[in-house]
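Let me begin by presenting the structure, written as structure tokens, before commenting on it.
No lab work stands behind these numbers, since they all come straight from the coordinates. No experiment lies behind these values; they were computed from the predicted model shown. Every residue, glycine among them, receives a Cβ derived from its backbone with ideal geometry; neighbour counts consider all protein chains shown.
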Amino acid sequence: MSSIPSTTSPVTHTLNPLTLPLHGLQLIEASAGTGKTWTLAALYVRLVLGHTADSDQPGVGLYPPQILVMTFTEAATAELRERIRERLALSARFFLTGDETKVDGFLQDLRASIAPEHWPVCAQRLDMAAQWMDDAAIFTIHGWSSRMLKTHAFDSASLFTQNRVEDGERLQLVATQDYWRRWFYALDTQTLAALKAVGDTPQALLDKLKALWRDADRAPQTGVSAPTPPDVLLARWAAWQQHRVELESPARLAWTPEVAQAVSDVAAAKTLKNYRPDWLGGWVAQMSDWVQGGEIDTTTLERFTTRTLVAKGWAAADQWPVFAKLETLADHLSTEPDVVTDLLQHAAQEVQRSYQRAKAQAAQFDFSDLLQNLYHALQAPDGRLAAAIRAQYPVALVDEFQDTDPWQFGSLRKIYSDMPNQDEGYSPISSEDERKSQDTGLIMIGDPKQAIYSFRGADLATYLLAREQAQGIYNLPGNFRSTMGVVAAVNRVFCQAQQPFGSVPFVKVDARNPHIQPLQVSGQPQVAMTVWHLPFAKTPTKDDFLSQMAAVFASQMVALLQGGAAQSGDMAVLVRNWSEADAIRQALTQRGVRSVYLSERNSVFDSQQAKDLWRLLRAVASPGSNRLVRAALATPTWSLGWAQLDALLADEAAWDALVEQFLQWQRVWRSQGFLPMLYRLLHDQGLAQRLLQDPAQGERALTNLLHLGELLQAASLQVQGEGALIRYLEEQLRRPQASGEAAQLRLESDANLVQVVTLHKSKGLEYPLVFLPFISLYRAEDKDSGRDDAERLSEDIRLLYVALTRAKQALWLGVAQVKGDVDGKSPQVKSAVSCLLGRSAPDDLWDKLQAWASADIAVLTAPEPDDAVYQPVLEVKTPQSARVPQRLIYNRWWTASFSALTRDLAHGASAMLPSERDERLLDAQTDSLLLDEDQGIANPTGVDLLSEVPRFNDFPAGSRYGTLLHDLLEWQAVHDWPAAKATDAYPSQLTQPWQTLLARLSQRHHLSPTHSALLDDWVRLIVKSNLTLSLMNQGQTAINLSDIQVQDMWPEMGFSLPVHHLASEELDALITRQIWPGQPRPALQHRQLQGMLTGFMDLVLLHQGRYYVLDYKSNRLTAYLPEALQQAMLNHRYDVQAALYLLALHRLLKSRLPDYNPAQHLGGALYLFLRGIDQPGCGLLHVSPPVALIEALDEVFSRSPLLDRQD
């Protein structure tokens, strides 16, 4: 770990978010509750606007994909994204309208600093950024590293696609086993003695290597030399061992009972000092055991060397050769080669290389790879990757920067300042670097007082180095979380201490949120911080301290609840670990208060329920084994007492019935799956009810059991049979932490309960009331951790700061003299509380606490606990009738279509956007209606008894057959009219699919062979016919569909036209005046068009420079002369459809053709009545309304939505 520099603290400034430079390296130190997220959002707004403090107009702003925001958890990224989105939207509205609702002083000052003529541009830019937030570059540090490696795969020499390794420990174990086989398998028994300290299994070796890897991964390593190979090390040790044997054999022979007696006699004569008879007897026994071939401690051997015996007073010892031999042997033993250290270094490098190769072959990575690979890629001499990322993200905002490590800061530093590393530090910023940084910025936001994640690799020394390099350091002065009393109490605790955070100064903050009020107890405000001192006659054991302090706090929490001053959900008890959590939860449970433990990421496979479920599954899989069934019944999950279990085993009939149940569960498992079997077992035995009878752990046990059921159900889909699933569960039980995030313990209840939270997990959270019963406890640093205990104590102080700053209204602390903390002959401060108090003697705790006492801190002797049980007030819920709305809300927005306009009221209006298929079906239903008016005008010249009924009128009518014709003609258009080209010279690639399609659809519609053949001929005739463009017998050119090229036609073109405040009567009047004026027709149904008008045009085509809409009609008429077609058009109001289709085409052409002229380019609407294709005129009616109508429709459909009204 890097050492924390002891330097003079740089000058800090109070942050003004309106003037903070947005370039270079800037550091914002945000104490707890001072609005860090608000500050991030404010700076984000300025970056979007390109705002600078010395200009009254927006500059070159950045958009969300260009502003890099990084934090450390997925939950934090989601919160940041939404908070920034809301801030941008609010800012856009304020710049546009001046509406000051929810607007704070920052936005008012920002708007005032920009000239009013630029406000609309600012509003537009902010609104666009708010809409773009889904693509915002807001990532976790690991997520960003992964994205950079993939995005810049060539520059970083990374794979484009990689997956996260789910079971990295297994790969590490495999690599360790390979190393073990390579280097250790061939060793003889004598040489293996050198490896005792390494471990006797590959797993033991791996455990030692992990500690080395953790140290190596804390920071980039430079100048690492290649370690000595094991064969060389062991050869040295073997030579040393050979010489030891040569010395040890004569020394053993020389130590005789006579020698031992002589030493004892000299000691008894008081000639030897400090060789007490009881001590000497043990030492001589060890020597005797060594003579027989046992091991000997070097310290014991040294006591019988010549120099030691002479020094202790026996001058004649140099006359005994045996003592000289022992001295020579002892000297040799002290020169034993340090095989273990060098061998572990070699193993760490080799196993790590094998592990990296295994991940590379599987295209996998772990979290450390992301940070390290990006760091190494950025060190390339050409600097291309750093330049590319800098261009992609000109400015980076890094949240929670106190949790950074050397890898992360090294990467960011390389990108945003391009400063070379020197001697594990960073060179000072030069003027040239300052010039380069004008266009880029790295803004770091954090609080070094909350740097508590060293176990995850966070390095406070890296933060302090960054602090030294920052071009500006700013702090946030206002606390928006807590009451004035809580803020003042925390200020007092840390201001009383001498440099509690080392070189980082503690800056007092002010309470800025008047809405947070003190806790009221019996009508009086509760003091913000209460410190309860629990005196003990003698230093208590840890268990005594936990139980008594838990009883004190639980009793007082019951009093607060019973008095109505607080609710359970307002309370949070912060603890260090599971044992502390268990103590307070037991005390609360004894008093009727329910709680929930929000632990760290423990695995459900590490729970008692996982072990119990393993036994249950083995019994279900083998119900004939009495041993396995008895083992299942004895589990805590089965919840049988010993007396019940004994009675069951003695009752043969009950036992047989239970075994039969196990057989049934086995059948359910095999026939329905694992999870149905588990649910059936829980239900049949009433296990849920039995488990919930335990108020302390019942919910936890049931939650774990159901969680395990889900995980094993998922696993059962990947393995075969009961045995394979049981083996899978066994593997998870052996290595529970390797089971991934899905196996993390779930919250057992979301009810309004007291929350017991670990100190580390509480960071970033807030609670109305906070209880710290065990804050006097500490955990000394392990000797082999590689970290000094002073660093541990510094982190404990920061952890205490985090704990104290979680409270909004009040907090309680429990303190007492604990073992190891300022006690004994040489008192040493071990706990954070003692350090802050400046303690120096075992009996000064109470006196030192008086320095905290103030109006906001009450220092009291802990009250006596009681056994009062919480009696919650039961809320009587009286059923009430449903509330009746007092006003109606009309929502006029709807999606209209031609079908909705022309169908009767019984069909109503569609409230949803119709699909192409739905619209076609509605049109077909309209076409299939045979109106009386159609019959009356079918042949206006009179009935000709000799005329024949049109041939294609014989084909069935109805909406489904109309849809069939549309589908076939659409297929023909899409495939370039293959029906017209079915000749010997034309390839069969499309004619064959056409015949297949025709046969399939004929069968689906139950067409007779006659009708099927008729349909084929019909389609071919439609495609091949020359369709004369005529309007009321005015001849024009003809169109043949088969001649139209694919690039000149667009089948089934959909459109959606926005429409606002248009009545169907107004639309009807416009069309009636322009298309066949004076002709009678039914009026459109009353509709208010408000929303969208949608439709699908059967075919849009280009012919001789003009664009047409072609619509297929399957109406069955008795004649297909132009007069009859016109009357059918009016009866069905196809004139409205034609006008709307031409409006849609007009809008399209106006947007696509640069020289568009409707009189020149708009050809009109072609209505092809398909059943008249073999009649004179081919059943075609050409509708070409005046341009004035199209332009009038365009105008009414362009009305502003501001005309909308709400009733």
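Observations on the structure shown:
- Helix-only mean residue ellipticity at 222 nm for the chain, each DSSP H run of n ≥ 4 adding -39500 (n - 2.57), per residue, nearest 500: -14500 deg cm²/dmol
- Per-residue ³J(HN,Hα) for the stretch 188-197, Karplus 6.51 cos²θ - 1.76 cosθ + 1.60, θ = phi - 60°, Hz, x for Gly and Pro: 7, 4, 5, 6, 4, 4, 6, 9, 4, 6
- Across the stretch 234-333, Cα-Cα pairs more than 21 Å apart make up 30 percent of the total.
- Legend: ranking of residues Lys449, Lys848, Lys1024 from fewest to most surrounding C-beta atoms inside 10 Å; resulting order Lys1024, Lys848, Lys449.
- Residues of the stretch 1100-1117 with amide N under 11 Å of a point placed 7 Å along Cα→Cβ from Asn953: 1116-1117
- If you wrap the stretch 680-742 in the convex hull of its Cα atoms and look at it from every side, the mean projected area works out to 5.2 nm².
- Phi angles across the stretch 69-84 convert, under the Karplus curve 6.51 cos²θ - 1.76 cosθ + 1.60 with θ = phi - 60°, into 3J(HN,Hα) values of 10, 10, 9, 10, 9, 5, 4, 5, 5, 5, 5, 4, 4, 6, 5, 5 Hz, Gly and Pro given as x.
- Whole-Hz ³J(HN,Hα) from phi, Karplus 6.51 cos²θ - 1.76 cosθ + 1.60, for the stretch 327-332, glycine and proline x: 5, 4, 5, 4, 4, 5
- Inter-probe distance in nm under a simple model that places probes 7 Å from Cα toward Cβ, at Ala999 and Arg670: 4.7
- The stretch 1102-1207: C-alpha pair distances exceeding 16 Å, %: 62
- In plain terms, the chain from Gln828 to His243 could stretch by 206.0 nm, reckoned as 0.36 nm per residue minus the Cα-Cα distance.
- Diffusion coefficient (Stokes-Einstein, Kirkwood radius over C-alpha pairs, 37 °C, 0.692 mPa s) for the stretch 604-743: 213 µm²/s, rounded to a whole number.
- Taking the Cα centre of the stretch 256-299 as reference, the dipole from Cβ charges on Lys and Arg (+1) and Asp and Glu (-1) amounts to some 280 debye.
- Distances between placed amide hydrogens fall under 5 Å for Phe365 paired with Asn163, Arg164, Val165, all partners being 5 or more residues away or on another chain.
- Between the amide H of Thr440 and those of Gly24, distances stay under 5 Å, these residues lying 5 or more places away or on another chain, with hydrogens modeled in the peptide plane.
- Which of Ala238, Val284, Ala268, positive extreme of dipole for the stretch 234-333 (C-beta unit charges): Ala268
- Net dipole in debye of the stretch 604-743 [+1 Lys, Arg Cβ; -1 Asp, Glu Cβ; about Cα centre; nearest 20]: 340
- Contour minus Cα-Cα distance for Ala362 and Arg307 (0.36 nm per residue): 13.6 nm
- Note on Ala715 and Ala1013: the model spin-label points, each 7 Å out from Cα along the C-beta direction, lie 6.8 nm apart.
- Computed over the chain, the ratio Rg/Rh where both radii use C-alpha atoms and Rh is Kirkwood: 1.10
- Amide hydrogen proximity for Val575: with H placed 1.01 Å from N in the peptide plane, the residues at 5 or more positions away or on another chain lying under 5 Å are Val757, Thr758, Leu759.
- When each of the peptides 106-116, 998-1008, 672-682, 579-589 is scored by the mean number of other C-beta atoms lying within 10 Å of its residues, the order from highest to lowest reads 579-589, 672-682, 106-116, 998-1008.
- When the Cα convex hull of the stretch 310-359 is projected onto planes of every orientation, the mean area is 4.9 nm².
- Two-decimal log10 I(q)/I(0) for the stretch 993-1134, as the Debye equation yields it once each C-alpha is a single scatterer, q = 0.14, 0.16, 0.22 Å⁻¹: -1.00, -1.21, -1.43
- Fraction of antiparallel bridges per DSSP, the chain only, in percent to nearest 5: 30
- Enclosed volume per residue, in Å³, of the convex hull spanned by Cα atoms of the stretch 533-605: 117
- Structural descriptor for the chain: relative contact order 11 percent, calculated from alpha carbon pairs under 8 angstrom and at least 6 residues apart.
- Whole-percent pair-distance distribution, where bins are 5 Å wide, for the alpha carbons of the stretch 130-239: 2, 8, 12, 14, 15, 13, 10, 7, 6, 5, 3, 2, 1, 1, 0
- Footprinting exposure proxy for Ser897, Ser334, Ser1025 (fewest neighbouring C-beta atoms within 10 Å first): Ser334, Ser1025, Ser897
- Positive-end extreme of charge dipole, the chain - chosen from Leu968, Ala803, Ser417 (charges on Cβ): Ala803
- Between Leu663 and Gln871, the modelled label-to-label distance comes to 5.4 nm, taking each label 7 Å out from Cα in the direction of the beta carbon.
- Placing a label point 7 Å from the Cα of Ala89 along the Cα-to-Cβ line, the residues of the stretch 114-150 whose backbone N sits under 13 Å from it are 127-134.
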